[in-house]
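A short write-up of the structure that comes next.
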Amino acid sequence: MRSHVMRQFGRRGILLVLLGLMWTFVGVGLTTISQQRFSADNDVNGGPLQFLDDYTPVIGGFWILGGLLALVGGFIRKNNPRDDYGFLGLSVPVFATFSLYLWSFAVNISTDGVFGRPNSWLPAVVYFVVFATVLFVARWPDPDDPHLPPEFRSDVEGGLR
């Protein structure tokens, strides 16, 4: 079973499918659950960041689109080893969300806590680490990829194990 899945998707394809599913679920959550993510609780009738919370379903749409791109990239990876658009789909929504949380924290600092969220630095750090991890993994070669030279493949004699 494991070898069939590896031959079908490869390690990078499996990662694209799993993260694509997760990104899609995050996007569905962002589009359906309304809450104050970027603006302070007292910003309900205005404030420079209220529009971000009002348009959170748009941000959720980016997550869904990125997840679907990753899913497509993972499922067709056997026939098309170019999976850069799948990893692009994974990285863009994470970077956008990181930027929005960082912006919320910067606004909170610059307005002495009147606007923004004081604790939004923590999700900014989390999303930055996820973004950096996706970019780091996107550069790894897949040792099960038949397009790699034999010394870098795990399925041939003398290759990586």
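Scanning the stretch 92-133 for residues that are within 26 Å of Asn79 (Cβ to Cβ) and surrounded by fewer than 20 Cβ atoms within 10 Å (Cβ to Cβ) yields one hit, Val92.
Within the stretch 30-74, the set of residues being modelled with pLDDT of 90 or more and either among the hydrophobic types (A, V, I, L, M, F, W, C) or on the phi > 0 side of the Ramachandran plot (or both) comprises Phe62, Trp63, Ile64, Leu65, Leu68, Leu69, Ala70, Leu71, Val72. Applying a threshold of 6 Å to beta carbon distances and a minimum spacing of six or more residues, or different chains, the list of pairs starting in the stretch 85-105 at a residue that is over 11 Å from Ala132 (Cα atoms) and ending at one that is of a type in the set (Asp, Glu) and assigned to a helix (DSSP H, G or I) is empty. Considering only the stretch 18-41, state which residues are part of a helix (DSSP H, G or I) and among the hydrophobic types (A, V, I, L, M, F, W, C). Leu18, Leu19, Leu21, Met22, Trp23, Phe25, Val26, Val28, Leu30 - these are the residues of the stretch 18-41 that are part of a helix (DSSP H, G or I) and among the hydrophobic types (A, V, I, L, M, F, W, C).
One line per residue, one yes/no per condition, for (1) under 19 Å from Phe25 (Cβ atoms); (2) in a loop (DSSP other than H, G, I, E, B); (3) touching a helix residue (DSSP H, G or I) at 6+ places or on another chain (Cβ under 6 Å):
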{"residue": "Asn79", "(1), (2), (3)": "no, yes, no"}
{"residue": "Arg82", "(1), (2), (3)": "no, yes, no"}
{"residue": "Phe87", "(1), (2), (3)": "yes, no, yes"}
{"residue": "Pro93", "(1), (2), (3)": "yes, no, yes"}
{"residue": "Phe105", "(1), (2), (3)": "no, no, yes"}
{"residue": "Asn108", "(1), (2), (3)": "no, no, no"}
{"residue": "Asp112", "(1), (2), (3)": "no, yes, no"}
{"residue": "Phe115", "(1), (2), (3)": "no, yes, yes"}
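Looking at the stretch 80-101, can you tell me whether even one residue there is modelled with pLDDT of 90 or more, aliphatic (A, V, I, L, M) and more than 19 Å from Leu18 (Cβ to Cβ)? Yes: the stretch 80-101 contains one or more residues that are modelled with pLDDT of 90 or more, aliphatic (A, V, I, L, M) and more than 19 Å from Leu18 (Cβ to Cβ). Every condition in (1) assigned to a loop (DSSP other than H, G, I, E, B); (2) at pLDDT 90 or above holds for Leu15 except the one numbered (1).
The values are calculated or read from the model by the stated rules, or taken from the named source; none is laboratory data. Because the structure is a prediction, the values reported are computed rather than measured. Neighbour counts are summed over all protein chains in view; Cβ atoms, including those assigned to glycine, are modelled from backbone coordinates with ideal geometry.
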